[in-house]
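I have placed the structure first, in the form of C-alpha coordinates, so that the comments after it can refer back to it.
The values are calculated or read from the model by the stated rules, or taken from the named source; none is laboratory data. Predicted, not measured: the structure shown is a model, and the values here were computed from it. Here the Cβ positions follow ideal geometry from the backbone for every residue, glycine too, while neighbour counts run over all protein chains shown. To get the accessible areas, we keep the full protein, side chains included, count just its heavy atoms, and leave off ligands, DNA and RNA. Shrake-Rupley method; radii C 1.70, N 1.55, O 1.52, S 1.80 Å.
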Amino acid sequence: MVETYKKYDSLFTNIKPNAIENVVIFSKNDSWEIQQHYGDVTQKETKIWQHLYSKVIDITNQFGSIEFIQGIEKLELCFNEFPNIKSISNRIKSITDWEVVTVAGFLDEYLFFELNANRRFPSTDIIRQSPRFSEKYYNSPIKNEFGYTPEPDVFHDVFGHMPFLTNQSYCNFLAEIGQLGYEILLNEKGLSQELIAHNLKRLQNFAWWTYEFGVMKNQKDNPKNNLKYQIYGAGILSSYDELMNVVNCCENKSSQSVFLPFDIEEVVITRFDYSEIQDRYFVINSMEELYQSFRNNKNLFMYEGK
Ligand SMILES: [Fe+2]
(Lines give C-alpha, C1' and ligand atoms only; values in the text may rest on other atoms or scores of the structure.)
Protein backbone atom coordinates (compact mmCIF):
# COMPACT_ATOMS: atom_id res chain seq x y z
CA MET A 1 0.00 0.00 0.00
CA VAL A 2 1.14 3.50 -0.75
CA GLU A 3 0.00 6.58 1.14
CA THR A 4 -3.25 7.86 -0.33
CA TYR A 5 -3.80 11.40 -1.48
CA LYS A 6 -7.22 12.96 -1.57
CA LYS A 7 -8.92 15.81 -3.39
CA TYR A 8 -7.25 18.80 -1.71
CA ASP A 9 -3.86 17.15 -1.57
CA SER A 10 -3.28 18.28 -5.16
CA LEU A 11 -2.39 21.59 -3.49
CA PHE A 12 0.77 19.96 -2.16
CA THR A 13 4.16 20.10 -3.83
CA ASN A 14 6.92 17.50 -3.63
CA ILE A 15 4.46 14.59 -3.37
CA LYS A 16 6.36 11.34 -2.81
CA PRO A 17 4.97 7.84 -3.00
CA ASN A 18 5.70 6.93 0.62
CA ALA A 19 5.29 3.19 1.05
CA ILE A 20 3.38 2.35 4.21
CA GLU A 21 2.89 -1.34 3.54
CA ASN A 22 2.42 -3.47 6.64
CA VAL A 23 3.25 -0.71 9.05
CA VAL A 24 0.98 -1.10 12.05
CA ILE A 25 -0.56 2.15 13.23
CA PHE A 26 -1.92 2.06 16.76
CA SER A 27 -5.24 3.68 17.64
CA LYS A 28 -6.96 4.54 20.87
CA ASN A 29 -8.60 1.12 21.25
CA ASP A 30 -5.35 -0.81 20.71
CA SER A 31 -2.83 -1.69 23.40
CA TRP A 32 -0.61 1.20 22.36
CA GLU A 33 0.92 2.01 25.76
CA ILE A 34 3.46 -0.52 26.95
CA GLN A 35 5.95 -0.98 29.76
CA GLN A 36 9.64 -1.03 29.04
CA HIS A 37 11.12 -4.17 30.59
CA TYR A 38 14.47 -2.63 31.33
CA GLY A 39 15.82 -5.82 32.86
CA ASP A 40 15.34 -7.56 29.51
CA VAL A 41 17.62 -5.18 27.62
CA THR A 42 20.34 -7.33 26.08
CA GLN A 43 24.05 -6.66 25.82
CA LYS A 44 23.65 -6.55 22.07
CA GLU A 45 21.05 -3.78 22.35
CA THR A 46 23.28 -1.78 24.68
CA LYS A 47 26.15 -2.20 22.20
CA ILE A 48 23.96 -0.84 19.39
CA TRP A 49 23.07 2.17 21.56
CA GLN A 50 26.77 2.72 22.28
CA HIS A 51 27.66 2.43 18.61
CA LEU A 52 24.96 4.91 17.52
CA TYR A 53 25.74 7.31 20.37
CA SER A 54 29.48 7.36 19.78
CA LYS A 55 29.05 7.91 16.02
CA VAL A 56 27.05 11.10 16.44
CA ILE A 57 27.81 12.72 19.79
CA ASP A 58 30.85 14.76 18.69
CA ILE A 59 29.02 15.96 15.58
CA THR A 60 25.87 16.91 17.48
CA ASN A 61 27.91 18.70 20.17
CA GLN A 62 29.49 20.72 17.40
CA PHE A 63 26.51 21.44 15.17
CA GLY A 64 23.43 20.83 17.33
CA SER A 65 21.43 23.76 18.63
CA ILE A 66 22.06 24.92 22.18
CA GLU A 67 18.68 23.57 23.34
CA PHE A 68 19.81 20.15 22.24
CA ILE A 69 23.32 20.29 23.71
CA GLN A 70 22.04 21.56 27.05
CA GLY A 71 19.29 18.94 27.01
CA ILE A 72 21.76 16.07 26.62
CA GLU A 73 23.55 17.36 29.72
CA LYS A 74 20.38 17.91 31.73
CA LEU A 75 19.17 14.39 30.97
CA GLU A 76 22.61 12.93 31.61
CA LEU A 77 22.25 10.82 28.49
CA CYS A 78 25.41 8.87 28.09
CA PHE A 79 27.30 6.31 26.07
CA ASN A 80 27.16 3.58 28.72
CA GLU A 81 23.49 3.19 29.46
CA PHE A 82 20.69 1.99 27.25
CA PRO A 83 17.91 4.51 27.91
CA ASN A 84 15.62 3.80 30.81
CA ILE A 85 12.44 5.55 29.67
CA LYS A 86 10.93 5.81 33.14
CA SER A 87 13.95 7.50 34.70
CA ILE A 88 14.35 9.84 31.68
CA SER A 89 10.67 10.71 32.00
CA ASN A 90 11.13 11.48 35.71
CA ARG A 91 14.00 13.82 34.94
CA ILE A 92 12.00 15.61 32.24
CA LYS A 93 8.99 15.84 34.56
CA SER A 94 11.10 17.58 37.20
CA ILE A 95 12.29 20.16 34.65
CA THR A 96 9.33 20.96 32.34
CA ASP A 97 6.50 18.85 33.71
CA TRP A 98 6.33 16.76 30.51
CA GLU A 99 6.19 12.98 30.67
CA VAL A 100 7.41 10.28 28.33
CA VAL A 101 5.09 7.38 27.55
CA THR A 102 6.48 4.12 26.20
CA VAL A 103 4.51 3.05 23.12
CA ALA A 104 4.26 0.00 20.89
CA GLY A 105 4.95 1.83 17.60
CA PHE A 106 3.42 4.38 15.25
CA LEU A 107 0.38 6.12 16.74
CA ASP A 108 -2.49 7.53 14.74
CA GLU A 109 -3.04 11.29 14.67
CA TYR A 110 -5.70 11.30 17.40
CA LEU A 111 -3.44 9.58 19.88
CA PHE A 112 -0.30 11.46 18.95
CA PHE A 113 -1.82 14.93 19.12
CA GLU A 114 -3.84 14.17 22.21
CA LEU A 115 -0.69 13.01 23.99
CA ASN A 116 1.25 16.14 23.01
CA ALA A 117 -1.65 18.40 23.92
CA ASN A 118 -1.54 16.79 27.38
CA ARG A 119 2.22 17.28 27.65
CA ARG A 120 3.11 13.67 27.08
CA PHE A 121 5.58 12.47 24.49
CA PRO A 122 5.54 8.95 23.03
CA SER A 123 8.73 6.90 22.80
CA THR A 124 9.39 3.44 21.47
CA ASP A 125 11.73 1.15 23.41
CA ILE A 126 13.29 -0.96 20.66
CA ILE A 127 16.45 -0.08 18.82
CA ARG A 128 17.25 -0.34 15.11
CA GLN A 129 19.39 -3.30 13.99
CA SER A 130 18.41 -5.36 17.02
CA PRO A 131 16.72 -8.78 16.73
CA ARG A 132 13.63 -7.29 18.44
CA PHE A 133 13.39 -4.56 15.79
CA SER A 134 13.93 -6.98 12.89
CA GLU A 135 11.34 -9.34 14.31
CA LYS A 136 8.77 -6.58 14.65
CA TYR A 137 9.19 -5.36 11.08
CA TYR A 138 10.18 -8.60 9.36
CA ASN A 139 7.26 -8.23 6.98
CA SER A 140 7.77 -4.53 6.21
CA PRO A 141 9.92 -2.82 3.62
CA ILE A 142 11.36 -0.60 6.39
CA LYS A 143 14.94 0.49 6.14
CA ASN A 144 16.73 -0.74 9.23
CA GLU A 145 20.20 0.72 9.02
CA PHE A 146 22.61 2.12 11.56
CA GLY A 147 22.66 5.43 9.69
CA TYR A 148 18.91 5.91 9.49
CA THR A 149 15.57 4.25 10.07
CA PRO A 150 12.28 5.88 9.13
CA GLU A 151 10.46 3.77 11.74
CA PRO A 152 10.87 5.46 15.09
CA ASP A 153 13.30 3.64 17.34
CA VAL A 154 14.56 4.43 20.82
CA PHE A 155 17.67 6.13 19.50
CA HIS A 156 15.64 8.58 17.43
CA ASP A 157 13.03 9.11 20.13
CA VAL A 158 15.39 9.48 23.08
CA PHE A 159 18.54 10.96 21.60
CA GLY A 160 16.78 13.09 18.96
CA HIS A 161 13.69 14.32 20.80
CA MET A 162 14.10 14.04 24.58
CA PRO A 163 16.84 16.68 25.03
CA PHE A 164 14.41 19.31 23.72
CA LEU A 165 11.80 18.28 26.26
CA THR A 166 13.97 19.90 28.94
CA ASN A 167 13.34 23.33 27.37
CA GLN A 168 10.10 24.98 28.49
CA SER A 169 9.59 27.21 25.44
CA TYR A 170 10.04 24.23 23.14
CA CYS A 171 7.65 22.16 25.23
CA ASN A 172 4.99 24.86 25.07
CA PHE A 173 5.39 24.95 21.29
CA LEU A 174 4.95 21.15 21.04
CA ALA A 175 1.86 21.29 23.25
CA GLU A 176 0.35 23.96 21.01
CA ILE A 177 0.96 21.81 17.94
CA GLY A 178 -0.73 18.91 19.72
CA GLN A 179 -3.65 21.13 20.70
CA LEU A 180 -4.06 22.36 17.13
CA GLY A 181 -3.97 18.79 15.79
CA TYR A 182 -6.62 17.86 18.28
CA GLU A 183 -8.76 20.83 17.21
CA ILE A 184 -8.48 19.81 13.55
CA LEU A 185 -9.79 16.40 14.54
CA LEU A 186 -12.56 17.81 16.74
CA ASN A 187 -13.77 19.59 13.61
CA GLU A 188 -16.05 22.14 15.20
CA LYS A 189 -16.47 23.85 11.82
CA GLY A 190 -17.89 20.67 10.28
CA LEU A 191 -15.34 20.40 7.46
CA SER A 192 -15.37 17.39 5.12
CA GLN A 193 -13.26 14.32 5.95
CA GLU A 194 -11.10 15.19 2.94
CA LEU A 195 -10.38 18.63 4.34
CA ILE A 196 -9.59 17.20 7.78
CA ALA A 197 -7.13 14.74 6.23
CA HIS A 198 -5.61 17.57 4.21
CA ASN A 199 -5.21 19.84 7.25
CA LEU A 200 -3.62 17.02 9.24
CA LYS A 201 -1.13 16.52 6.43
CA ARG A 202 -0.39 20.25 6.55
CA LEU A 203 0.42 19.91 10.23
CA GLN A 204 2.48 16.80 9.54
CA ASN A 205 4.45 18.74 6.87
CA PHE A 206 5.06 21.53 9.36
CA ALA A 207 6.30 19.08 12.00
CA TRP A 208 8.47 17.28 9.48
CA TRP A 209 10.27 20.37 8.19
CA THR A 210 10.69 21.90 11.64
CA TYR A 211 11.19 19.75 14.71
CA GLU A 212 12.01 16.63 12.72
CA PHE A 213 14.29 17.96 9.96
CA GLY A 214 14.80 21.63 10.71
CA VAL A 215 17.95 23.71 10.50
CA MET A 216 18.56 27.13 12.03
CA LYS A 217 20.92 30.01 11.29
CA ASN A 218 24.03 29.76 13.42
CA GLN A 219 23.16 31.61 16.64
CA LYS A 220 26.87 32.02 17.46
CA ASP A 221 26.26 30.46 20.86
CA ASN A 222 28.67 27.59 20.34
CA PRO A 223 32.28 28.45 19.48
CA LYS A 224 32.80 24.92 18.11
CA ASN A 225 30.30 25.49 15.31
CA ASN A 226 31.93 27.12 12.29
CA LEU A 227 29.04 26.40 9.89
CA LYS A 228 26.37 28.85 8.72
CA TYR A 229 23.74 26.69 10.35
CA GLN A 230 22.98 24.68 13.44
CA ILE A 231 20.66 21.72 13.67
CA TYR A 232 17.51 21.36 15.76
CA GLY A 233 15.65 18.63 13.83
CA ALA A 234 15.47 15.36 15.78
CA GLY A 235 15.51 13.31 12.57
CA ILE A 236 18.87 14.83 11.64
CA LEU A 237 20.41 14.74 15.11
CA SER A 238 19.67 11.02 15.51
CA SER A 239 20.98 9.99 12.08
CA TYR A 240 24.68 9.88 11.24
CA ASP A 241 23.90 9.84 7.51
CA GLU A 242 21.60 12.84 7.69
CA LEU A 243 24.01 14.77 9.95
CA MET A 244 26.87 14.24 7.54
CA ASN A 245 24.65 15.26 4.65
CA VAL A 246 23.81 18.57 6.33
CA VAL A 247 27.47 19.21 7.20
CA ASN A 248 28.70 18.30 3.70
CA CYS A 249 26.05 20.42 1.99
CA CYS A 250 26.88 23.32 4.32
CA GLU A 251 30.53 23.03 3.45
CA ASN A 252 29.69 22.77 -0.28
CA LYS A 253 31.19 19.29 -0.44
CA SER A 254 27.86 17.93 -1.64
CA SER A 255 24.91 19.31 -3.55
CA GLN A 256 22.50 16.58 -2.53
CA SER A 257 20.23 18.97 -0.62
CA VAL A 258 19.38 22.64 -0.69
CA PHE A 259 18.83 25.07 2.18
CA LEU A 260 15.71 27.18 1.75
CA PRO A 261 14.55 30.12 3.84
CA PHE A 262 11.75 29.12 6.19
CA ASP A 263 8.41 30.20 4.77
CA ILE A 264 5.52 28.72 6.70
CA GLU A 265 3.14 28.90 3.73
CA GLU A 266 5.58 26.90 1.63
CA VAL A 267 6.40 24.50 4.46
CA VAL A 268 2.79 23.47 5.09
CA ILE A 269 2.24 22.44 1.46
CA THR A 270 5.56 20.63 0.98
CA ARG A 271 5.42 16.84 1.29
CA PHE A 272 8.46 14.66 1.95
CA ASP A 273 9.94 11.23 1.58
CA TYR A 274 10.66 9.63 4.93
CA SER A 275 12.75 6.79 3.55
CA GLU A 276 15.53 8.88 1.99
CA ILE A 277 17.95 11.64 2.95
CA GLN A 278 15.99 14.89 2.66
CA ASP A 279 16.49 16.88 -0.54
CA ARG A 280 15.88 20.21 1.23
CA TYR A 281 16.05 21.80 4.64
CA PHE A 282 14.14 24.91 5.65
CA VAL A 283 16.25 27.35 7.65
CA ILE A 284 14.67 29.27 10.52
CA ASN A 285 16.26 32.44 11.90
CA SER A 286 15.71 31.44 15.53
CA MET A 287 13.56 29.17 17.67
CA GLU A 288 11.59 32.17 18.89
CA GLU A 289 10.79 33.16 15.32
CA LEU A 290 9.59 29.61 14.62
CA TYR A 291 7.28 29.66 17.65
CA GLN A 292 5.84 33.04 16.68
CA SER A 293 5.39 32.02 13.07
CA PHE A 294 3.36 29.00 14.18
CA ARG A 295 1.26 31.06 16.60
CA ASN A 296 0.53 33.73 13.99
CA ASN A 297 -0.43 31.31 11.23
CA LYS A 298 -2.67 28.67 12.79
CA ASN A 299 -5.29 29.50 10.14
CA LEU A 300 -3.06 27.73 7.60
CA PHE A 301 -3.98 24.45 9.29
CA MET A 302 -7.72 25.12 9.13
CA TYR A 303 -7.99 25.27 5.35
CA GLU A 304 -11.64 25.28 4.34
CA GLY A 305 -11.26 24.53 0.65
CA LYS A 306 -11.43 28.05 -0.67
FE1 LIG B 1 10.51 11.96 15.46
*Just wondering, is there one or more residues in the range 157-167 that are modelled with pLDDT of 95 or more, away from the ligand (no atom under 13 Å from the Cβ) and not in a loop (DSSP other than H, G, I, E, B)?*
yes
*Given Glu242, Glu194, which one is outside any loop (DSSP other than H, G, I, E, B) and either open to solvent by less than 20 Å² (accessible area, probe 1.4 Å) or under 17 Å from Val56 (Cβ atoms) (or both)?*
Glu242
*Please verify whether the range 212-222 includes one or more residues that are assigned to a helix (DSSP H, G or I), without any contact (Cβ under 8 Å) to a residue 60 or more places away in the chain, open to solvent by 10 Å² or more (accessible area, probe 1.4 Å) and within 15 Å of the ligand (Cβ to nearest atom).*
yes
*Name every residue in the range 240-299 that is free of Cβ contacts under 8 Å to residues at least 40 places away in the same chain, among the small types (Gly, Ala, Ser) and more than 20 Å from His156 (Cβ to Cβ), in order of residue number.*
Ser254, Ser255, Ser293
*Looking at (1) hydrophobic (A, V, I, L, M, F, W, C); (2) modelled with pLDDT of 95 or more; (3) over 16 Å from the mean Cα position of the chain (by Cα), which is the only condition Leu195 fails?*
(2)
